[in-house]
1. Across region 122-139, in residue order, what do the Karplus-derived ³J(HN,Hα) couplings come to in whole Hz, using 6.51 cos²θ - 1.76 cosθ + 1.60 with θ = phi - 60° and x for Gly and Pro?
2. Heavy-atom accessible area per residue, the chain, 1.4 Å probe: how many Å²?
3. If I fit a long axis through the Cα atoms of helix 275-301 and take the longest principal axis of the Cα atoms of the chain, what angle between them do I get, 0 to 90°, rounded to 10?
4. Can you tell me the FRET efficiency between SER555 and ALA478 if r is taken as the Cβ-Cβ distance and R0 is 41 Å, rounded to the nearest 0.05?
5. In whole Å, what is the distance between the alpha-carbon centres of region 328-359 and region 514-562?
6. Charges on Cβ only, +1 for Lys and Arg, -1 for Asp and Glu, centred on the Cα centroid of the chain; of GLN566, LEU550, GLY269, which one is farthest towards the dipole's positive end?
7. In debye to the nearest 20, how big a dipole does the chain give about its Cα centre with +1 on each Lys and Arg Cβ and -1 on each Asp and Glu Cβ?
8. Please say if region 310-416 is rounded, prolate or oblate, where rounded means a/c under 1.5 for a ≥ b ≥ c the square roots of the C-alpha gyration tensor eigenvalues, and otherwise the choice is prolate for a/b larger than b/c and oblate otherwise?
Amino acid sequence: MSVATRLRTEPDGSTGTLSLRLTPASIAQWVLLPLFLLVLAVLILLPVLVLVVGSFLAEPPRAFQFDLSTASLANYYEVLRDPEFAEMVYNTIVAAIIGTVGAVLVGLSLAWVSSRTNTPGRKFIEYSAVLPMMVPPLVGAFAWDILGSPQSGMLNVLLRSAGIDMGFSIYTMWGICLVFVIYYSPYVFLFTNAALKNADASLEEAASMCGASRLRVILQITLPLVLPAILSAALMVLVLLIEIFAIPAVLAETANIKFISVQIWKMIGFAPPKVNQASALGVMLITITVVLVLIQQKLTSKQSFVTVSGKGSRPRVMEFGWTKWIFTILSLTYIFIAVVLPLISLLYVSVKGSLFFSSAEQMLDTSDFTTTYYSDVLADPVISHSMINTLLVCGGTVGLGVFLYFAVAYLIHKTNLKGRRMLDIISVLPVAVPGMIIGLGYLWSWISIPIGLYGTLMIIILAYISQFTPQGSRAIGASLVQIHRELEESSRMSGAGFTYTLRRIVFPLALPGIFAAITLLLVLSFRELATALFLYTAKTQVFSLVMLDLWLRGSTNYVAVLAILQVCVLLVIYVLGNALKHKYER
């Protein structure tokens, strides 16, 4: 009997044959789902597994080449007995908590001001509140290094010249936390702004009619309604701040403040390398972030917070008197501190010949302004090569990533296949795995496999695809879930096949989400630093790594030029991506 047939039972009990049709459902269940499960397992699970196993070994971990006879807890013991370990964990956790609390206060306040008050300029505030996301953490850290240095920082020089000696230093725990708050408040804003707009205003109106004060309505009605969004945003920011590398690497090292992510980098990048101990420390970091992600899911699934129903209800706008101008001033002050001031400092340093000044007069002297640094950057073959590498990595990440994310999102949201839940779980795992750890896992997973992948741009592309799987698949999935099954069923009932329906119905309707994913992937891959830290060679350096290298060498002027260029490229990507997205939403 051929593979295209199977036995059937006739009414009289005899057997015959019945052709087996390979339907789209059977192909998806037995071919596509296992295939994409395997792809995600290789991209996401294999690097983490290699890292975990290697953390127990005496020799550097390599895929499929484990000497389990040396397995022990010695690496963990060595990490734990390090006299700086407790301080390192304390600094990482405390800074992340303070930064998260500050980000929630600032992001939630901006969301409330722009969506629920009559504050003048609230539309401008809403659009501008996300602009700090266009300033990568590495660039933000460079800018505040220029602004907040206790001796030569631009802010301190100006204040001292005005007779004000505040003694402000960015090289402190509070200074680092300030930078955390500035650049991670937009994440909270995005979550809570949407929730505030969708919350049922009738509940607030009912409370007001019962005599509740404005403050009581906010505290007892509005905040509980958006509590899931607040918790989700807070836990996400906390995870991101625990694993962040760029800001502590630039600001904390000067102050000798230890962070886990920076210590992992130093254990591998500095001699003598401690690869297995770094793997053990990485596993500890993963454990912390996984626990936080599980707590987030637990908190947001305990209770029903449904407030959007079939009955339309516009958000309730609170009317304020003269205090509304205070909200405007405070909101614009944040935007100035987060975006305008850092970019001004970078632009200034990029054209300033001498950075040695002790007074406002010397600092504002324009006689030594020059465009030499821009000319040098544009003529430097290393920098131009890193830009080409970065664009190739961005293109590869988008080209391969969007195809993978669309397929994964479709199987998760548009089918009832057994096993799609496992696909969903694996696709969100990178949320809890720091980019640096994924890079380290890729290093030891692929370095020993004889396919020539290590030392190429492809390994960086694959690591980026792995790292950005949650963001990419969720961006596309958000569009797919809005496409009703009736459209696909009607197409098939009209005689269209699965491929035709996918090409003419599903794909066009999902284009806004696809363009959102493309924009997001371009932004993330262009600014990514930590994931590529252990994967690059002299020929595969990317733009962010060149910036970090120049900063370590003390080439502040050139770093400022590269930072300006990076921000400009990111803004262009953001504007073009949004334009395309809105075009296909119409």
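1. Result, ordered by residue: 5, 5, 5, 4, 4, 6, 7, 5, 8, 4, x, 5, 7, 9, x, x, 5, 5 Hz.
2. Values: 27550 Å² over 586 residues.
Per residue, the chain has 47 Å² of solvent-accessible surface.
3. 70 degrees
4. On the way: r = 42 Å, r/R0 = 1.02.
Using R0 = 41 Å, I get an efficiency of 0.45.
5. So the two Cα centres are separated by 22 Å.
6. Toward the positive end, the furthest listed residue is GLN566.
7. Details: 37 positive and 29 negative charges, 381 e Å.
That gives a dipole near 1840 debye.
8. Details: a/c = 5.73, a/b = 1.19, b/c = 4.81.
Oblate, because a/c is 1.5 or more while a/b does not exceed b/c.
The values are calculated or read from the model by the stated rules, or taken from the named source; none is laboratory data. Since we're looking at a predicted model, the values are computed, not measured. Every residue, glycine among them, receives a Cβ derived from its backbone with ideal geometry; neighbour counts consider all protein chains shown. To get the accessible areas, we keep the full protein, side chains included, count just its heavy atoms, and leave off ligands, DNA and RNA. Shrake-Rupley method; radii C 1.70, N 1.55, O 1.52, S 1.80 Å.
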